[in-house]
Amino acid sequence: MRQGSNVLVFPAWRENPYLNLLALAARSQGWHFLGATTYDSLRRQLGRLQPHDVLHLHWTQPLLQSAASALEAEERLGALRRDLEGLRSRGISIVWTVHNRLPHELSHRDAEISLYRTLGELADVVHIMAPATADVVSDVVTLDSRKLRVIPHPSYEGIYDMAAERSVARAAFELADTDRAVLFLGQIRPYKGVDALIAASRAATLPGREIVLMLAGAVKEMAQEEFTATLPDDLRTITHLSFVSDGELGQWFRAADVAVFPYRAILNSGSLHLAASFQTPVVLPNEAHLRSQFGSQRWVRFFDPARPTDSIAELLSDPALFTDVTAEDFAAFTDPISPWAISREYHALLEELSSRAIAS
């Protein structure tokens, strides 16, 4: 590594735990991390990069989807392509992490697809976390297998307070031992399918036990009052409809019997890794790439996306759901993907790219 090599990260959301974990090992070895969060700030920051530095693009939504018109989106796309070509000519490497099949909110779909294809063409490395990513996005972009690098999503072991006692956490929410506490934690947005989870929790029947729905996270793209009005009076709910602080995460996960992520569209899920770190079983949509990646995990079950309400309700009505899961089952998953282990893999990638640039 050249002394003082830089990584320009976009978008560099300071509170994003994934970005912070990924950079741990590289920071400890002298890599400098620059950041930008908007189209304009990214283009300004590109001028700071020198040969052997790295541009690492993550979520692409802020680049084109904030444009005021389709014409502006196309103009931005052209400018970005020229920028990326200029970086390559200057010996600066480009990494693109594919987080989603496409951004969840699209104002300029055609331009976004063109951006994906531009990144697939010009990136030196396409970083994926789910091994089946190339297949999942194949209708959007063809990813060159020679560029693919699998670095899994890390667990959150050691990042948050994992010591919360289950009994203490449940008592804080006034949950009885017989209650089945069903958790959704994260931003409440249309694509996440929380409406189906609400209906499923209401429809589920568990003789002698009560289903309690726990909802924690800010409501997006609709008024909070409008969302609250969708909660049935005959379903016991515990809500915190705003950001959940790091110090409170453990209480929510440790109190829950199961975390349900009823997404209508998903490629990678940091929420699953967060739940696993707190040893909370998970229900996911039965998508082929998710089943191939997590189907062997005893603490993961799948619902049918074609009938989400009924399918989730059937799972929640099963008295034996996850009764055979042990702490060892979670450890077998989280131990190999500790934050430090994954950050070391990422650091090795940065060193490889820097050396490649030097060699050229």
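Brief remarks on what is shown
- Taking the fewest neighbouring Cβ atoms within 10 Å as the starting point, the ordered list for Trp252, Trp31, Trp59, Trp340 is Trp340, Trp59, Trp31, Trp252.
- Residue separation of Asn20 and Gln50 scaled by 0.36 nm, minus their Cα-Cα distance, works out to 8.5 nm of gained length.
- Rounded to the nearest 10 degrees, the inclination of helix 109-122 to the longest alpha-carbon principal axis of the chain is 60 degrees.
- Axis of helix 194-203 versus longest Cα principal axis of the chain: the two differ by about 20°, to the nearest ten degrees.
- 0 to 90° range, to nearest 10: angle between helix 246-255 axis and the chain longest Cα axis: 40
- Relative contact order of the chain, taken over Cα pairs closer than 8 Å and 6 or more residues apart, is 19 percent.
- When the helices of the chain are scored as -39500 (n - 2.57) per DSSP H run of n ≥ 4 and the total is divided over every residue, the value at 222 nm lands at -11500 deg cm²/dmol.
- Ordered by the count of other Cβ atoms within 10 Å of each Cβ, fewest first, Asp304, Asp179 give Asp304, Asp179.
- Relative contact order (%) - criterion: Cα under 8 Å, at least six apart; region: the stretch 23-120: 33
- Estimated FRET transfer efficiency when R0 is 45 angstrom, pair Ala320-Asp139 (beta carbons, to 0.05): 0.70
- Backbone HN-Hα couplings from phi across the stretch 86-102 [Karplus 6.51/-1.76/1.60, Hz, Gly and Pro as x]: x, 4, 4, 5, 9, x, 9, 7, 10, 10, 10, 9, 8, 8, 9, 4, 8
- Remark on His56: its backbone amide H falls under 5 Å from those of Leu8, Val9, Phe10, Val95, a criterion applied only to residues 5 or more positions apart or on other chains, H modelled at 1.01 Å from N.
- Other-chain or far-sequence residues with amide H under 5 Å of Phe33's (modelled H): Val7
- The magnitude of the dipole of the stretch 180-325, with charges of +1 and -1 set on the Cβ of Lys/Arg and Asp/Glu and taken from the Cα centre, is near 320 debye.
- Residue order for Asp124, Asp324, Asp83, Asp53, fewest other beta carbons within 10 angstrom first, comes to Asp324, Asp83, Asp124, Asp53.
- The label point for Arg43 and the one for Val244, both projected 7 Å from the Cα toward the Cβ, are 3.9 nm apart.
- For Ala331 and Gln187, the difference between the fully extended length at 0.36 nm per residue and the C-alpha to C-alpha distance is 49.2 nm.
No value in this document is a laboratory result; all are computed from the given coordinates. Worth saying up front: this structure is predicted, and the values here are computed from it rather than measured. Here the Cβ is made from the backbone with ideal geometry for all residues, glycine too, and neighbour counts use every protein chain on show.
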